[in-house]
Amino acid sequence: YHLFICNLVHGAAAAAAKRRSQRDTVVVAEPSFSSEVCLFSTGFLSVACSAVQKFLVRVWAQNRQKLIIEQMLRRKHEAQTSASQGGGAARPLSSSAHQKKVGDDKLHPHRRRAAAAGVGNGGTGTVYRSSSAAASGWFCYLLGGLVVFLFVVGSMRDERGHLRRTVAAVPPDTAGAGIGNQQPIGQRGPPTTEDTTTNKYTARTVGTFHAHNDGEPPEQQRLPPEPHKDGEDTHPDDSGGVADAEADAAGAAALEDNHDGTNDGGADARTNEAAAAAMLAQPSTFVDGEKKLKAELRKLKERQAKGMDRGVKTLTQWLGDDIPVWTSQENDAEWTKKVEQRKAELKEADDKFWAKVKDHGEGEKERVQAAMEKIVAMKTVVVQDDAEAEDTTRDEGKDTHNDSPDERKEAAAKKDGAEPRKEYPSPAAMVGGDAVVILEPTFGKHRPDEDAIFAFAEGYDIKIYLAFMESLKATGFVGDVVLSVSSLDKLKPGVEQYLRAQPNLVVYTVDWKCYTGSGKPASGPREGMRMCQFSGIYGTSDADSPDAKPRPAEDPREARPVATARYELYWAWSLAYHANSWLMLIDSRDAVFQTDPFKGLPRDEKEQAEDGQLYFFEENAEATTIGQSQFNSRWLKTAYGVENVTPFFDKPVVCSGSTMGEQVAIEAYLRAMVVQFDETHCKVKGCDQGFHNYLHYSRGLEGVKGIRNVKLWEQGKGIINNLGLLRDKPLRERGLLKEGSNQVLNWDESISPVAHQFDRDDELKGIVNGYKVGWLAKWRSEPTGR
């Protein structure tokens, strides 16, 4: 059995390695054991288990024999005593005793002997059966098998607990493609040889993330440190220390080898092992010090085992070679003084370092913002009416026949004294110049002159839709609600029937093409955890047949989380409304409405406004900032690089799940959100919030055509109240739940029109769940809900 299990494990590992090696470039776990290990361990365990079994059987047999002899002697003694007391004659067996003797004769020989000795059910001893010895043997085999299994698993990991990794051979047809164009295991999205792109913010090659499950993708792979371009000879490294010039040079050489995201595949190309070795070779004061500390503590443990140096004080942090890790009682005072002095020196150095980092960030803030504005300007188009530009230049008597349209627009803008307006490209532009939106509602109809609420609502049960729709209807809202839901055949029971019965509801079902962590096709986005593409949104027209129906085009963008892709859907929906209609983008799962959110909003009296207002809503600024939030800071750093987002770390988090604005402003904002993915290729679920915050704090929306201004509402002071960061204390204790009606309040005690993230408060979640039960019962009692 043990040999069979060993070879089964070995065969499975070899088969997995073979399957993975068939890809362009793979990084696989290297089985460092072989069948010889299994054979050796099998023989060793067989001998060991046999010896243990024989020893235990011998011990148990001796004990049983001893008990039998003792019982026989006791019986003989009792018989002699009884004979002497009864006159020396043995009494004949009674009828019952005779039956017992006859029954005993039918027993198995060894049980009959035990019964004769008084051992068994009627005696005082215990029968030691051969099954006990067999059980002991099986126990030994199971224990030994577990040991070998742990050895096999452990042999696949290195001294740091990581899987041993090796690079498989590249097939001949892709040998010249280079590492930058090859696809690692765990890539999200369909297999492709052109999936490697460059993030302009981080200046690093951006591929897809390794993820061997459908959960949150891991952190991006750490690369060698990038050399400074401003002439400094040192820079902070990832661990907070200062890297030396030699490490900088090594990092620069590594980047020069692969600065464009490719590799020439020659003999100088470094393997993963070489890169890892180079990284581990870099000095680390903290790591080296901890190793020395552990070594000294091991010595102290050995001395204490011999009875020496007991009860001495020890260090918990390496403070340098000149300060011992422990001290004797005689030198206790002097040692303590040195320790405190060194700790004070380290604290002072640490404070100076972080103060320098902060000052550097403040000093770089304006430069970073100017650089970002320049980058945004490179991606924008100067907008002005062609006819106005021609009239203006014609009035000046200048010949504009040979000027390009952009030059005429810029000249006209300069003449008027106004700065050129920026405009992010249309999401459809990536498909081609003649691409149009062909997406149509599954049921329902847009009303262009009405306000509307957009929400992504796929994969939920009927109670989620009830809470969203019924709470909204109770406020008297009469505008449109536009939802994206699962395909009709995948909707949960009762959902389609309920949605079709709602007035002013527009429903879209999107054909998602989703992929697992290993790049295999999967069914559905799994609530945004998978990477997906959609089809049927864009189409291209035939120049030869302008009246023909546009042909559907494939999604021009790589697979990405649906939380990111939804902004493209919102953009397509926004085109159905007039410029002065107000639109709200809101999460559907955790939002309820308490009053009409569009009541009292400022309205542009023009039928088609040229620009409009945009409303953003903060999370609670006292609870956390971007830099204090592990998730928000990671999304920004992953997308744009730490050097570009550090100035924003002291800012409040702006929630991407709650945005409002006039149609013309929302449409421009959604263009900008799609461009952020196109430029960063950030595929981590949650990067959409990073895009949202970056656009605001980098002033990426200032001067954009369609956006007059962006108003940032503090938490609890606007139309949408984001409650997610108020978890440390119940809302009722904060005075944010109205007594009697249990409505959520703003800080000025007015009713919040929209309570977002209500499920973060246990009491409020229970209240809303109670409402859901009532709404469901009411719906089922109606004729359309039966």
Which links in Lys292/Lys338; Lys490/Lys520; Lys599/Lys765; Lys683/Lys717; Lys651/Lys685 stretch past 29 Å when you go from one Cα to the other? Lys683/Lys717
Sort 583-596, 754-767 by packing, meaning the average of other beta carbons within 10 Å per residue, with the highest value first. 583-596, 754-767
Take the Cα coordinates of the stretch 431-499, assign each an equal point scatterer, and use the Debye formula without solvent to give log10 I(q)/I(0) at q = 0.13, 0.14, 0.22 Å⁻¹. -0.46, -0.53, -1.07
FRET efficiency (Arg603, Asp728; Cβ distance; R0 51 Å; to 0.05) is 0.85
Phi angles of the stretch 54-67, converted by Karplus (6.51 cos²θ - 1.76 cosθ + 1.60, θ = phi - 60°) into ³J(HN,Hα) in whole Hz with x for Gly and Pro, give 4, 4, 5, 5, 5, 4, 5, 5, 4, 5, 5, 4, 5, 5
Points 7 angstrom from Cα along the Cβ direction at Ala777 and Lys301: gap in nanometres? 6.3
What ³J(HN,Hα) values, in whole Hz, does the Karplus curve 6.51 cos²θ - 1.76 cosθ + 1.60 give for the stretch 300-314 when θ = phi - 60°, with x put for Gly and Pro? 4, 4, 5, 5, 5, 5, 8, x, 9, 6, 7, x, 7, 7, 10
Please give me, ordered by residue number, the trypsin sites (Lys or Arg not before Pro) of the stretch 443-480 that lie in loop per DSSP and have at most 16 other Cβ atoms within 10 Å. Lys445
State the Cα centre-to-centre distance between the stretch 448-498 and the stretch 697-757 in whole Å. 22
So who's got an amide H within less than 5 Å of the one on Gly716, skipping anything under 5 residues away but keeping other chains? H placed 1.01 Å off N, in plane. Asn722
In the stretch 291-323, trypsin sites (Lys or Arg not before Pro) in a DSSP loop with at most 11 other beta-carbon atoms within 10 Å: Lys306, Arg310
How much accessible area per residue does the stretch 427-498 have, counting only protein heavy atoms and a probe of 1.4 Å, in square angstrom? 41
Given backbone amide H placed at 1.01 Å from N, residues whose amide H is under 5 Å from that of Gly627, ignoring those fewer than 5 places away on the same chain, are Asp650, Lys651
I want to make sure I understand the PRE zone here: with the label point 7 angstrom from the Cα of Ala621 toward its beta carbon, which residues in the stretch 707-751 have backbone N atoms less than 11 Å away? 712-715
Taking H placed 1.01 Å from N in the peptide plane, check which residues at least 5 places from Lys313 or on another chain put their amide H under 5 Å from its amide H. Thr327
Extended-chain gain in nm, criterion 0.36 nm per residue less alpha-carbon gap, Asp547 and Phe631: 25.3 nm
Go ahead and run the numbers for FRET between Leu73 and Ile5, Cβ-Cβ distance against an R0 of 60 Å, rounding to 0.05. 0.75
So the FRET efficiency between Asp762 and Lys711, C-beta based with R0 = 30 Å and rounded to 0.05, is 0.40
J(HN,Hα) series, the stretch 653-663, from Karplus relation 6.51 cos²θ - 1.76 cosθ + 1.60, nearest Hz, glycine and proline x: 6, 9, 7, 7, x, 8, 9, 9, x, 6, 3
Separation of the Lys313 and Glu643 label points, Cα + 7 Å toward Cβ, nm: 4.4
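The values are calculated or read from the model by the stated rules, or taken from the named source; none is laboratory data. Computed from a prediction, not measured in an experiment: that's the story for all the values here. Here the Cβ is made from the backbone with ideal geometry for all residues, glycine too, and neighbour counts use every protein chain on show. Just the protein is used for accessible areas: all its heavy atoms, side chains included, with ligands, DNA and RNA removed. Shrake-Rupley method; radii C 1.70, N 1.55, O 1.52, S 1.80 Å.
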